[in-house]
Every structure is written in structure tokens, then in C-alpha cells.
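I have a structure I would like to understand better, so I am pasting it below and will then ask my questions one at a time.
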Amino acid sequence: MVHDRFSENYDLLKDLARDTPMEPGVYIWRDSENRIIYVGKARILRNRLKSYFSGSKDVKTAALVRHSKSIETIIVSNEYEALLLENTLIKQHSPKYNINLKDGKTYPVVRVTAGSFPRIFRTRRIIEDGSIYFGPFPNIQALDKTLALIEKLFFLRKCRTMRKRENPCMYYHINRCLAPCCGKVEETEYKTQLELVKKLLAGETSALVVELTAKMHEAARALKFEEAAALRNAIQAVENLSEANSVEDMDQESRDYIAWAAEGIFTTFSVLSMRGGRMTGQELFSSRSAAEEHESIETFLVAYYSPDRPPPPRIYLVKLPLEDTALNQFFSGQFAYVPELVSPAAEEKRHVAALAMAGQNAQEELRRRLRERGAGPALDELKQALELKARPECIEGFDISHLEGKHPVASLISFKNGIPDRKNYRHFKLKTVVGKIDDFASVREAVQRRYSRLVREGRN
């Protein structure tokens with residue numbers, strides 16, 4: 001008998017789970033093509049696998065069971081060996097529903113072009129042509145704020161191609177460009193402005209504030225009060241930006257902050273590293289995961305830290321793993337020390353804020369992934385639910401409105417491959433139901449007018 005929504009092999013899988021041993025080990029889920037799609041570990045294999053078939057299941061568990069054909073188990077001596085074997089198998093097979101440490105490399109960087117009068121702009125492409133790059137910047141809003149400040153303070157060229165002009169463009173006249181194309185500025189002066197921009201992008205705001213302050217005093221002594229006021233405002237803007245995006249503190253202890261965001265089977269981890277009181281980098285990793293939250297955390301820690309990337313003495317987490325015995329054995333065996341795993345209390349504001357920053361970036365990356373993923377999987381589910389022969393590429397919906405039977409109209413919205421197809425939105429003034437309140441007749445007229453026209457035009 002074919003079972004409900006999960007899988008045609010639901011009963012078979014459930015029987016396999018009941019027959020597994022009461023021993024520690026690793027379990028492997030395979031799909032209909034015998035590919036490994038998930039690897040997990042358990043202290044007691046039978047109990048863990050039976051949990052997949054008891055009670056109501058969330059989206060990611062349902063997806064795993066629905067796409068599975070068989071389950072295999074490997075018995076080991078203890079939970080620590082299970083942890084090591086799980087890590088080896090995940091790295092070897094890259095299962096679809098496991099943490100695979102896939103770097104998010106689509107974050108923008110700031111490019112400073114090569115040449116005499118470089119241009120500065122945001123990009124996602126890195127070209128080896130002598131340009132200088134700053135980033136990547138996971139927090140796009142903060143980056144846009146920084147670039148807006150740069151445009152306000154420094155009047156670097158905007159045009160993509162540098163070529164000689166007789167007359168400067170609009171940006172020169174509104175004090176947004178030094179017009180190097182017209183010879184309005186010397187290369188040395190332009191490079192002086194450029195160096196200040198580089199310092200700002202590199203986070204060296206203190207040196208920039210000193211230089212801007214000196215220029216402000218110089219302008220004031222020369223009675224150029226408007227210029228001095230503009231520099232004063234610029235100094236305040238730089239200081240506010242530095243304060244809002246501070247990634248430094250006085251704590252010299254090396255530590256990592258790890259946060260994550262999840263939606264269904266999709267999970268994104270964000271790691272913020274602090275070394276010597278400065279943030280030395282942030283990494284984001286995206287994956288599909290059918291594991292429970294505490295299992296995902298443990299699996300990620302084992303996959304992330306390696307001899308090439310040893311753990312710091314302290315690791316801050318939004319939530320701690322349920323049990324850390326096997327994890328402690330892993331750290332001790334691999335690195336000869338065990339880092340302290342900490343979930344900070346609310347009053348530890350500095351650490352809470354750092355985790356919040358990591359969490360915000362994880363959430364932003366997750367949203368980006370879901371946008372890029374599109375509506376394909378949802379359309380596949382709709383096809384299955386409606387028992388269609390093919391994925392519904394075109395979906396249209398009608399809505400009827402009127403004023404107590406007067407002025408009846410119908411609105412049509414259209415979706416193509418799950419994306420709004422606004423050019424095919426339509427509005428119908430209904431003719432056969434004037435003075436009547438009959439939504440069924442209204443829909444009948446709108447549908448007839450819409451699709452009879454498509455048939456006549458040969459677009460059916």
C-alpha cells in the first residue's frame with residue numbers, strides 16, 4: 001500500500017528503522033538512484049531512526065523521507081567514532097541534505113580600478129587587471145551607506161571610460177566629480193583623495209578623521225567657513241559610520257562567533273572571527289540539512305575546524321549542542337585541547353551583539369538563497385498535489401469586484417514559472433452581469449473573454 005505524503009516506500013523505510021540495532025553508529029539514506037542523500041549519527045541507531053516516523057514531521061524531515069529509497073547503518077564502538085565516521089562520509093559523498101560547507105562567494109566587493117584616475121564602485125566580479133579590491137561585504141546595507149558617504153566626501157570620477165572632454169559633465173557642476181577628463185585636477189591631488197578613500201574602506205577611520213580635522217582647521221583659518229562646515233559634517237559622518245560598524249574591541253583573546261538561520265531544509269551558518277581585538281574575517285556557509293538543530297551545530301563544528309583552521313580557545317554560539325562528550329573527544333583528539341563553547345548571557349552585551357551581527361548576515365544570505373532558488377520546487381509540489389502531467393508553467397487567477405452589483409470588473413494576474421508576469425495582467429469591465437450580484441457568472445464571462453481571445457490568436 002502506498003503511504004501518505006512522505007514516500008512510496010514509507011512502510012519499507014519504517015520497517016528498516018524498527019529493525020536497526022540498539023547500538024551507536026552512522027545511518028545512511030539513499031534515493032531511488034542509490035545516491036547517498038543524507039548521513040547522520042546516533043548513540044542508539046534504532047531510537048534515532050524511529051523518530052523519523054513518529055509524530056508530525058517538519059518540512060525538511062518530510063522532504064528527506066519522501067526522496068529516500070533505503071536506509072543503511074554502520075555500527076561503531078561509541079558515539080565519538082560515529083562522529084568521526086559521519087564527518088568522513090559527509091566530506092566524501094557531499095550528501096544533498098547535509099552540511100557541506102559551501103562558501104557563499106556572491107557577496108559584493110569594492111573595486112578600485114587601475115590607471116591614472118581610478119574609479120570606485122561596487123561589483124561581484126573580480127578581474128585580475130591590477131585593480132585593488134576591498135571586501136567582501138556581507139552586509140550590503142552598510143556597504144551602500146559607506147559608498148554614499150564616499151561619494152559625498154570625495155569627488156572621484158563617475159564615468160566608466162576615461163577619455164578627454166572639452167566640457168565637464170553634470171557631476172562636476174554639482175560638486176560630485178573633480179573632472180579629470182577635462183584636466184580640472186592634477187593626478188597627485190586626485191591620488192591624495194583616493195588614498196583617503198582607501199583608508200575608509202580599510203576601516204582606518206582614525207587616520208582619516210585626523211586628516212579631515214587638519215583640513216577643517218586650515219579652512220577656518222583661511223576664513224572659508226562653508227568649506228570648514230562641510231568638513232566638520234564629514235568628520236561627524238565618518239565617526240558615526242565607524243561607530244555603527246565597529247569590529248574592534250580591547251579583548252585580545254581569540255574567539256569565534258557562530259550563528260545560523262534556517263528555513264525548511266535550508267540552513268546558513270555565519271562565522272565571525274576575532275583575533276587580537278579585531279575582526280579578521282567572516283565566512284558564510286550554505287547547505288541543505290535534514291538534521292535537527294543540535295545535530296547541525298555539532299556537524300558544522302566538526303566540518304569547519306581542521307588542522308588548517310584550528311579552533312580558538314573560545315567559541316560563542318547562539319545555542320549550545322545538547323551533549324558535547326563526543327565533540328570534546330573530537331577537539332581533544334584533533335587539536336590536543338578543547339575550546340570552550342559559550343552561549344552568552346543577556347548582560348554580556350558585547351558578545352550578544354557580535355552573535356547578532358553574525359546572525360543578521362546568516363539571515364541575509366538565507367534570504368538571498370531562497371530568492372535565487374525561485375519557485376521551481378514549489379511548482380513541483382503543486383504538480384504533485386494536483387496530479388498534473390507537467391509542471392504548471394503558467395498560472396492565472398481572477399478576482400471579481402463591484403459596488404452592490406454596479407460597475408462589475410474582473411482583475412487577472414498571471415505567473416510564469418512561478419514569477420509574476422505583469423505584462424499579462426488584465427482588467428475587464430464586465431458586461432453580462434451589470435446590475436446583478438453573481439460572482440460565478442462574472443468569472444464565467446472573464447474566463448470566456450480571456451481564453452477565447454487566446455484561442456483566436458493561436459496562443460493556446
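Values in this text are rule-based calculations from the coordinates and carry no lab data. Here the structure is a predicted model, which is why all the values come from computation and not from measurement. For neighbour counting, all protein chains shown are included, and Cβ atoms are generated from backbone atoms with ideal geometry for every residue, glycine included.
Arranged from highest to lowest average of other beta-carbon atoms within 10 Å per residue, in what order do the peptides 308-321, 29-42, 154-167 appear? Can you show the working numbers first?
Working: 308-321: 15.9, 29-42: 19.0, 154-167: 13.2.
For the peptides 308-321, 29-42, 154-167, the packing ranking is 29-42, 308-321, 154-167.
If I take every Cα pair under 8 Å that is 6 or more residues apart in the chain, average their sequence separation and divide by the length, what percent do I get for the relative contact order?
Rounded, it is 11 percent for the chain.
Quick check on packing: order 356-364, 43-51 by the mean number of other C-beta atoms within 10 Å, highest mean leading. Walk me through the numbers before you get to the answer.
On the way: 356-364: 20.6, 43-51: 17.2.
Descending mean neighbour count gives 356-364, 43-51.
Under Stokes-Einstein, with the Kirkwood radius over Cα pairs standing in for Rh, what whole-number D in µm²/s applies to the chain at 10 °C and 1.306 mPa s?
Using the Kirkwood radius from Cα pairs, D works out to 58 µm²/s.
Tell me, what is the percent relative contact order of the range 109-244, built from C-alpha pairs under 8 Å that lie six or more residues apart?
Answer for the range 109-244 is 18 percent.
Let me spell out the model: positive unit charges on the Cβ of Lys and Arg, negative unit charges on the Cβ of Asp and Glu, origin at the Cα centre of the range 307-358. What dipole size does that give, in debye rounded to 20? Mind dumping the intermediate values first?
Numbers: 5 positive and 6 negative charges, 38 e Å.
Using only the charged Cβ atoms, the result is roughly 180 debye.
Let me ask something additional. Given a cut-off of 23 Å, name the pairs among K164/K191; K164/K198; K145/K198 whose C-alpha atoms lie farther apart than that in the structure shown.
K164/K198
Straight distance only, please: which lysines reach the Cα of K319 with their own Cα at less than 28 Å, same-chain residues fewer than 8 apart left out?
Within reach: K41, K50, K57, K60, K91, K96, K102, K105, K349.
May I pose another question? Could you give the size of the charge dipole of the chain about its Cα centre, using +1 on the Cβ of each K and R and -1 on the Cβ of each D and E, expressed in debye and rounded to the nearest 20?
2600
Would you check the range 367-460 for Lys pairs whose C-alpha atoms are within less than 21 Å, ignoring same-chain pairs closer than 8 in sequence, and give me the count?
Working: K383/K416; K389/K416; K406/K429; K406/K431; K406/K436.
For the range 367-460, the number of qualifying lysine pairs is 5.
Within the range 255-373, what percent of beta bridges assigned by DSSP are antiparallel, to the nearest 5?
In the range 255-373, DSSP labels about 75 percent of beta bridges as antiparallel.
Rank by packing, highest mean first: peptides 71-83, 332-344, with packing defined as the count of other Cβ atoms within 10 Å averaged across residues.
The most tightly packed comes first, giving 71-83, 332-344.
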